[in-house]
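Written below as structure tokens is the structure these notes are about.
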Amino acid sequence: MRILVDRIYNQKENILKTAILIISLLGIGLRIFHLIYNRSLWMDEIYLCSSFFHLDYLDLAAGTLDYGQKAPIGFLWAVKFITNIFGYSEISFRIIPFISGIVSVLLFIKVCRYFLKPEAQLLAVVIFSFAPAMIYHSTEIKQYATECLATLLALYLFTIYANKTDYKSMLLWAAFGAVLLWFSYSVIFILTGMAMAIIINHLLKKNHKSLLINTLPFVTWMISFLINYVFFTYKQKESEWVVYWFKAYDYFMPFPPVDLQGFKWFGRNLLSMLDYPLGLNWNVNEPLNNMAKLLFTPIVPLMLLCTGIYSLARKNKEVLGLILIPCLLVLIASGLKLYPLRERFWMFLAPIFILLIGFGFEYLKCKFRSVKKIGMIVLLLTIAGPIIQSAYFLVYPAKFYKHKKSFEQEALSFINRNYKDGDMVYNYWNNYPGYNVYRQINTYRYTAIQGKDYRFEVHDLNAYNQKLKSEFTQFKGAKRLWVVFNTQFTTTINDLVDQPVWYYKGDVSPVINFERQISSQGKLITKIVYSDLTVCLFELIH
């Protein structure tokens, strides 16, 4: 009888392992699809890409990136290395995040096997593999997929070395952790939290010998962090404008919360985190009314998250500390305005939150083991969100996170295909970053006249429009004029919110005002309106 039970258990475990492998391969397939789909770089990517065209490795290390951008030196050098080999293109820029995303999927399986039971592993791997944000950032030229990978590597190293006491293992753990800090800003929270959890555990158990041995990797990590910070990260520390901007848009935790709005921040950001990056809502980022928002609130995943914390508090305080201390450190840093929290900034903590949901599922399965259908229902309700969203974005890739979707490549290529000898192209000032990057990626038949930003040279709209009219005199001699301008990003880095007031809060919006001014130059022949850009072709009046 015992042999039969073991055989059934092993058969079930093998089925789950096969299912996990298939799910991970599907997740990798989704990442490959969106990489090959090759969407246009959007403004955040363009800001970072701009530096790679004219900065070498030493310049990148100097910390003076275009548009005030910031990224770990290891990440910057890795991207530079790839672009030096393959040249400049959307895909070559995105190769490092893509590799990070693929490795993360495979590594997450190993981490789950250490912490979770097979059925909870299945749930966790589905969320990680199909969460839209995890897929998106694997195909975006920003460091967030690499930050997530660094967290997983830190956890994986813990599974290998945490229970070892020989000096060789400690040296390897020290070296690997020290290297991670050069590729990720946020992994310091994970490593510090991990060190604190291990130290507390050894002190409680009065295991002073193991504590002494563990100090080797912990001290090494701290030295590596300090060297990196003093020589590189410090040069990229947040500017006053960045802090101002994140504060204006409520990215920092209220510390302390002094009113109802401050306390609402926690609930709002918790629910937001469950949607992005975990993808546990069902809304596919479409506008919803209040009733729909309520229906699509990820109540079951939220319940599992809380249950996971409760379960660990009762049964495994060491793992609870390992998981929660980094989260607490991040919240403290956010309260001190050192780390913003929303959307992409949660990415490096995504594996931790998914593990907590997995622990919650384990606890629920154990409590209701006599009612097997409950476990299946909870599983399906939890994984439905990421699966539905990823399937939707597979069918409609152009809608994949529409707020991050740009048509820069399409707009400039449309002009290039239809450009004729004698035409002129005018690029309005607010589209300078996009045009400047793409003219170095692609070869166009035209060189655009670059518009100048006059907002802070004048004090009212009339004076601004006079400046525009003076600039338009450059069009003399052309029969046709192509115009491209950005309708989504009407500000630049270091702008204060809605400043100057006369430009942003006047009777006419900046976009409409520009369209009126440029339309006076001739007869409109063609107008292509994208979600973030507009392209116009005028027959000029002379």
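The values are calculated or read from the model by the stated rules, or taken from the named source; none is laboratory data. This one's a predicted model, so the numbers in the text were calculated from it and none came from an experiment. Backbone-built Cβ (ideal geometry, glycine too); neighbour counts: all protein chains shown.
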Within region 42-64, is even one residue within 30 Å of Gln121 (Cβ to Cβ), of a type outside the set (Phe, Trp, Tyr) and either in contact (Cβ under 8 Å) with a residue 12 or more places away in the chain or out of contact with any Lys or Arg (no Cβ under 6 Å at 6 or more places or on another chain) (or both)? no
Which number in (1) touching a residue at least 40 places away in the same chain (Cβ under 8 Å); (2) farther than 30 Å from Ser51 by Cα; (3) not aromatic (Phe, Trp, Tyr) marks the one condition that Ser470 misses? (1)
Output the qualifying pairs, or none if there are none: Cβ atoms under 6 angstrom, residues six or more apart or on different chains, first residue in region 211-231 and closer than 17 Å to Pro72 by Cα, second residue among the charged types (D, E, K, R). none
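Consider Asp498 carefully, then state whether it is in contact with a helix residue (DSSP H, G or I) (Cβ under 7 Å, 6 or more places away or on another chain) and exposed (fewer than 14 other Cβ atoms within 10 Å of the Cβ).
yes
Quick grid of which residues meet (1) within 22 Å of Arg480 (Cα to Cα); (2) crowded, with 16+ Cβ neighbours inside 10 Å:
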| site | (1), (2) |
| --- | --- |
| Tyr428 | yes, yes |
| Tyr438 | no, yes |
| Gly451 | yes, yes |
| Phe456 | no, no |
| His459 | no, no |
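Residue-wise test of (1) within 30 Å of Trp77 (Cβ to Cβ); (2) in a helix (DSSP H, G or I).
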| site | (1), (2) |
| --- | --- |
| Ile91 | yes, yes |
| Ile96 | yes, yes |
| Leu123 | no, yes |
| Val126 | no, yes |
| Ser129 | yes, yes |
| Ala133 | yes, yes |
| Thr139 | yes, no |
| Ala154 | yes, yes |
| Leu157 | yes, yes |
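Let's see how each residue does on (1) over 20 Å from Gly335 (Cβ atoms); (2) among the charged types (D, E, K, R); (3) surrounded by 14 or more Cβ atoms within 10 Å (Cβ to Cβ):
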position	(1), (2), (3)
Leu212	yes, no, no
Phe218	yes, no, yes
Ile223	yes, no, no
Phe231	yes, no, no
Glu240	no, yes, no
Lys247	no, yes, no
Would you say Ser100 is touching a helix residue (DSSP H, G or I) at 6+ places or on another chain (Cβ under 9 Å), free of Cβ contacts under 8 Å to residues at least 12 places away in the same chain and assigned to a helix (DSSP H, G or I)? no
State which residue is farthest from the chain's Cα centre (by Cα) when the search covers only region 403-438 and only residues that are free of Cβ contacts under 8 Å to residues at least 24 places away in the same chain and not in a loop (DSSP other than H, G, I, E, B). Arg417
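Can you tell me how many residues in region 39-89 are assigned to a helix (DSSP H, G or I), among the hydrophobic types (A, V, I, L, M, F, W, C) and farther than 22 Å from Phe225 by Cα?
Within region 39-89, residues that are assigned to a helix (DSSP H, G or I), among the hydrophobic types (A, V, I, L, M, F, W, C) and farther than 22 Å from Phe225 by Cα number 9.
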I'd like to check something: does region 375-387 contain any residue that is touching a Gly at 6+ places or on another chain (Cβ under 7 Å) and not charged (D, E, K, R)? yes
When you scan region 460-481, do you find a residue that is touching a Pro at 6+ places or on another chain (Cβ under 6 Å) and not hydrophobic (A, V, I, L, M, F, W, C), even just one? no
Can you report the number of residues in region 54-79 which are over 22 Å from Phe348 (Cβ atoms), modelled with pLDDT of 95 or more and out of contact with any Ser or Thr (no Cβ under 9 Å at 6 or more places or on another chain)? 3
Residue count, region 377-426, condition among the hydrophobic types (A, V, I, L, M, F, W, C), surrounded by fewer than 17 Cβ atoms within 10 Å (Cβ to Cβ) and more than 26 Å from Pro301 (Cα to Cα), comes to 1
